[in-house]
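Any read-out appearing in this document is the output of simple, stated calculations on the displayed coordinates, not a laboratory observation. Since we're looking at a predicted model, the values are computed, not measured. Here the Cβ positions follow ideal geometry from the backbone for every residue, glycine too, while neighbour counts run over all protein chains shown.
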Amino acid sequence: MLLNLSFGYSISQVKAQVFEKTAELHGDSLVFPLTIINAFPFISATVNGVSGKFMFDTGNQFSIDINDNYIKLPNKKVKGKGVVASGQSYKKNVNDTIREVKFKNGLTYQNLENITSGNYEFLQKYITPDCLGYIGHNFFKGYLFKLDYLRRKITFYKNSSERSMSNDFLANEKVLAVIDFETRKLPNHPLVKLKIDKVDVLAAFDTGQFGSLQLDYPSNESLKRKGSVLFSGTDGEGDTLLTVKNITMGGKFKTTLKGVELTNFEDTQIIRKALGIVEPNILDIGYRFFSQYKTVWDYNRKKIYILEY
């Protein structure tokens, strides 16, 4: 229920908007400032008066998913157990009511109903101690978004027939490619078929990770021999990093990714099962790509626009 309606779409006008019960976007377009921490995008907010940051994770299907290890929610009810793609498990809870969530741009939600929460202590430990939880796919359902790591902001645009004709979200942008994607088991995970050199690979776009590559043995040996996959050392956590060359999307767009994590088949079992992936080779596209290119994600038309910074 809208308590205080503001006409227009500028950031100053967003500050007058307060909504109740459901965490979803309203209006034609909205901008949220981003903070990039250890390659992950965060949106600042307060939950019940406690300041912190939500990870903007397209891999999370919920609208708002609160870290109840940081925000005390004494009335939470146990829902079960969950697991993230990186392997961490956690207790999953549901909350009848969350009193208030307020974002830095002034957008405020009160008396939110049936909000999920979980013990995301691992996010506090490995990324940022003030992690409020996640903002996920259902928060921006019915909107496309433009992700801009250079200018540290994300802009949401409401889907409409007029916008599909005008493409106003591309005004003053240099479009490098328009890539079609598919979804399988989950609607929030864009999947793109591409090639590394001449090897078929399935790419999964996800803001909640660095970027990683898993290849079967013949593909790995072939690409190493051709110089398309190169060892580039280890990071501070001891993970093997790769430089991946000769990536082709949409038959035309070519790029190189540096600092992609090496992973193996066993490590991809969670994501394979969740997304319905049967292909032998997977490239997870995350920070390493988004730090090079601005992107627009249009779930309605199943297209990702790759833009020049």
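For the stretch 150-182, the set of trypsin sites (Lys or Arg not before Pro) satisfying both a DSSP loop assignment and a count of at most 16 other C-beta atoms within 10 Å is given as ARG151, ARG152, LYS174. Taking 20 Å as the straight-line reach from the Cα of LYS77, the aspartates and glutamates in range (excluding those fewer than 8 positions away in the same chain) are ASP65, ASP68, ASP96, GLU100, GLU113, GLU121. With N as its number of residues, the chain has a Cα radius of gyration that, divided by 2.2 N^0.38 Å, comes to 1.01. Take every pair of alpha-carbon atoms less than 8 Å apart whose residues are at least six positions apart; their mean separation over the length of the stretch 144-293 yields a relative contact order of 28 percent. Could you list, in their original order, any pairs among LYS102/LYS193; LYS21/LYS146; LYS104/LYS302; LYS79/LYS258; LYS53/LYS81 whose Cα atoms are separated by more than 32 Å? Pairs exceeding the cut-off: LYS102/LYS193; LYS79/LYS258.
Return the whole-Å distance between the Cα centroid of the stretch 233-309 and the Cα centroid of the stretch 35-60. First find each Cα centre; the distance between them is then 22 Å.
The GluC sites (Glu not before Pro) of the stretch 220-309 that meet both conditions, a loop assignment by DSSP and at most 13 other Cβ atoms within 10 Å of the site Cβ, are GLU237, GLU308.
Counting beta carbons within 10 Å around each of MET165, MET249, MET55 and listing the fewest first gives the order MET165, MET249, MET55. Straight-line cross-link partners of LYS174 among the aspartates and glutamates, defined as a Cα under 16 Å from its Cα and at least 8 positions apart when in the same chain: ASP148, GLU308. The trypsin sites (Lys or Arg not before Pro) found in the stretch 13-80 that occupy coil by DSSP, while having at most 12 further C-beta atoms within 10 Å, are LYS72. Distance between the 7 Å Cα→Cβ label points at LYS193 and LYS125: 4.1 nm.
Which one, VAL101, VAL47, VAL278, has the greatest fluctuation when you compute a Gaussian network model over the chain with C-alpha springs under 10 angstrom? Largest GNM mean-square fluctuation: VAL278. Here is how the number arises for the chain: DSSP H runs of 4 or more residues each give -39500 (n - 2.57), the sum is divided by the residue count, and the result at 222 nm is -3000 deg cm²/dmol. With respect to the chain, whose longest principal axis is taken over its alpha-carbon atoms, helix 217-226 is tilted by about 70°.
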